[in-house]
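Chemist: Structure below; questions to follow.
The values are calculated or read from the model by the stated rules, or taken from the named source; none is laboratory data. As the structure is a computational prediction, the values presented were derived from the model and not from experiment. Glycine also receives a Cβ, built like all others from the backbone with ideal geometry; neighbour counts cover every protein chain displayed. Ligands, DNA and RNA are stripped out before the accessible areas are found, and what is left, the full protein with its side chains, is counted by its heavy atoms. Shrake-Rupley method; radii C 1.70, N 1.55, O 1.52, S 1.80 Å.
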Amino acid sequence: MKKLYARLMKASCPADPELLAASLPIIQGEVVPYAMSDPGARQIFFFLDEQDGTMFSITLYDTEKDLEHAMRDADSEHRYRTLARLGYAPVDARALEVVAGAVADNVVEVDFSQGNS
């Protein structure tokens, strides 16, 4: 059975709703493509908890070696500069093995560039 690996990153995000809203197109247009250019990157999702001002991202990778490469980037100057530019602050980055999950056969691609409406 093929294994998958994941990078979980956590950051605090701007409390100001306008600053937060302004950051989302940059995440979709710049951060997502950058992360997906990592070797072995298969999927990335960002999750926002507006209650406590926390943003999580989970990126799935093909191999443990791909994940190790990605974890070096999680502690890079590029990540810290990007977070600072968005008004975010890094909190945590973790390497994980995916141990269970499923994807529906009829999954429809979502256009995140249009927001959550």
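Chemist: If r is the Cβ-Cβ distance from residue 37 to residue 102 and R0 is 25 Å, what FRET efficiency results, to the nearest 0.05?
Modeler: 0.40
Chemist: Taking the Cα centre of segment 63-117 as the origin, how large is its charge dipole in debye, to the nearest 20, when only Lys and Arg (+1) and Asp and Glu (-1) carry charge on their Cβ atoms?
Modeler: Dipole about the Cα centre, nearest 20: 340 debye.
Chemist: Match the structure shown to one of the listed values (1) 26, 14, 11; (2) 51, 13, 9; (3) 24, 18, 13 of semi-axes √(5λ) of the Cα gyration tensor in Å, computed from it, and give that label.
Modeler: This structure yields the entry labelled (3).
Chemist: Per-residue ellipticity at 222 nm for the chain, helices alone: DSSP H runs ≥ 4 residues times -39500 (n - 2.57), over residue total, nearest 500 deg cm²/dmol?
Modeler: -8500 deg cm²/dmol
Chemist: Sort out for me the Cα centre separation of segment 72-90 from segment 34-53, rounded to whole Å.
Modeler: 13
Chemist: Name all residues of segment 1-44 having a backbone nitrogen under 17 Å from the label point set 7 Å from the Cα of residue 75 along its Cα→Cβ direction, giving them as ranges.
Modeler: Under 17 Å, as judged by backbone N against the label point of residue 75, lie 7-10 of segment 1-44.
Chemist: To continue, here is another question. In terms of solvent-accessible area of protein heavy atoms at a 1.4 angstrom probe, what is the ranking of 49, 75, 105, 66, highest value first?
Modeler: Accessible-area ranking of 49, 75, 105, 66, largest first: 105, 75, 49, 66.
Chemist: Further question: For the chain, what does the accessible surface come to per residue with a 1.4 Å probe? Please give it in Å².
Modeler: The answer is 69 Å² per residue.
Chemist: Could you give the nm distance between label points at residue 12 and residue 45, where each point is 7 Å from its Cα heading toward the beta carbon?
Modeler: Distance between label points: 2.6 nm.
Chemist: Taking the Cα centre of segment 1-110 as origin and charging only Cβ (+1 Lys, Arg; -1 Asp, Glu), how large is the dipole, in debye to the nearest 20?
Modeler: Computed about the Cα centre, the dipole is about 280 debye.
Chemist: Between residue 92 and residue 65, what length comes free when the chain is fully extended (0.36 nm per residue of separation minus the Cα-Cα distance, one decimal in nm)?
Modeler: 7.7 nm
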